[in-house]
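The values are calculated or read from the model by the stated rules, or taken from the named source; none is laboratory data. The shown structure was predicted, so the numbers you read here are calculated from the model rather than taken from an experiment. Reconstructed Cβ throughout: ideal geometry from the backbone, glycine too, with neighbour counts over all protein chains shown. Ligands, DNA and RNA are stripped out before the accessible areas are found, and what is left, the full protein with its side chains, is counted by its heavy atoms. Shrake-Rupley method; radii C 1.70, N 1.55, O 1.52, S 1.80 Å.
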Amino acid sequence: MHDTTFWRPGRRSLLRTGAATAAAALLPASRAAEGYPARPVTIVVPSAPGGALDLIARRLGQRLGERWNTSVVVENKAGGVGTIGTNAVVRSKPDGHTLLLTNAPLVQVPWLMKLPYDPLTDLSAVAKIADSYSMLAVHRNSPIKTLEEFVATVKAAPGKFSFGSWGPGTSTHLWGLLLSRQAGLDMVHVPYNGAAPMINALLGEQIGCAFVDAGSSRANAASLRFLASVGTRRMADRPELPTLREKGYDGFDQLGWAGLFVPAGVPRALLVQLSESIAQAMQSPELAANVAALAMVPTAMQTDEFTALVRSDHAFWGKVIRELGVTANS
């Protein structure tokens, strides 16, 4: 879906020549960032309008537009588990005028299907702006009250309990498989096309449990019971909820995240300038409150640290997917 009235990147080859990349790298720092932005900036969101990424992009874009004194337009390019929008940014001109706001599936999907790009070499990480917690949830009507009760209940009925996900190979699927393996559970995987239908199935008690993120489940939290969360520490707004790590389970430390990227080849000076501008915009109490209202945690991780995180998560999810034998059709 397209939602823009401004500049759209022209068609270009996915494989940039070494000469073009080298030429960009040799630009003097002052020249690389001088006069930026020279025209309206586009933030591509690889999902449909109305979701958390879309709402964050529009609010962040407004702040950046005020700082840069130019229009910042959000363009929604949904489809292909985020790959359509991502590929559009990869193919765009590396001048900082096209940004991608995406999340962790960026580094999961490449392990499941052949893509026309490599997220580690065809994109440059600019800044992480939010973290997202996920929780193991059952319906409020369930007699299960704790994680221990959950494990005992599922073990007592092998093959009878189902867990939902928002698609094969997503975090929700992988965490369900990890928990099943480590706790010795036999659960049936039921994939859905996105978080909303998965949560609707959980609310309708069509599935027994699911890992849900705090953002997509916030509107229906009263109808759910949360048993444990991912992450290395307890959620600030749910301090009573234990982490899976506390309960002795491994592989549940990674949080979801939202962050901005540009096509590879953007000069270092401009990359740093963009990162700093975004970090300054995130200091806005209003923008931070907007992000928090979506049940996400505002952060301000800049380019070098975020690059390291992206590479670390890419390697982590690759290891998990290989060990679990997950495919796009699992």
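Numbers at a glance
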| read-out | value |
| --- | --- |
| Residue within segment 105-124 that is surrounded by fewer than 24 Cβ atoms within 10 Å (Cβ to Cβ), modelled with pLDDT under 95 and of a type in the set (S, T, N, Q) present | no |
| Residue within segment 184-193 that is under 18 Å from the mean Cα position of the chain (by Cα), open to solvent by less than 30 Å² (accessible area, probe 1.4 Å) and not acidic (D, E) present | no |
| Number of the exception - A88 against (1) closer than 28 Å to A292 by Cβ; (2) assigned to a helix (DSSP H, G or I) | (1) |
| Counted residues, segment 238-252 - those being open to solvent by 90 Å² or more (accessible area, probe 1.4 Å) and in contact (Cβ under 8 Å) with a residue 24 or more places away in the chain | 1 |
| Of all residues in segment 309-330 being without any contact (Cβ under 8 Å) to a residue 24 or more places away in the chain and of a type outside the set (K, R), the one that is most open to solvent (accessible area, probe 1.4 Å) | E323 |
| Tally of residues being modelled with pLDDT under 95, under 27 Å from the mean Cα position of the chain (by Cα), open to solvent by less than 60 Å² (accessible area, probe 1.4 Å) and not aliphatic (A, V, I, L, M) across segment 24-67 | 6 |
| Enumeration of residues in segment 279-308 that are farther than 29 Å from A219 by Cα, crowded, with 18+ Cβ neighbours inside 10 Å and of a type outside the set (S, T, N, Q) | F306 |
| Pick from segment 194-205, criterion at pLDDT 95 or above and open to solvent by 10 Å² or more (accessible area, probe 1.4 Å), ranking: farthest from L136 (Cα to Cα) | G204 |
| Hits in segment 206-231 (condition: under 18 Å from the mean Cα position of the chain (by Cα) and either small (G, A, S) or farther than 15 Å from R140 by Cα (or both)) | A210, D213, A214, G215, S216, S217, S229, V230, G231 |
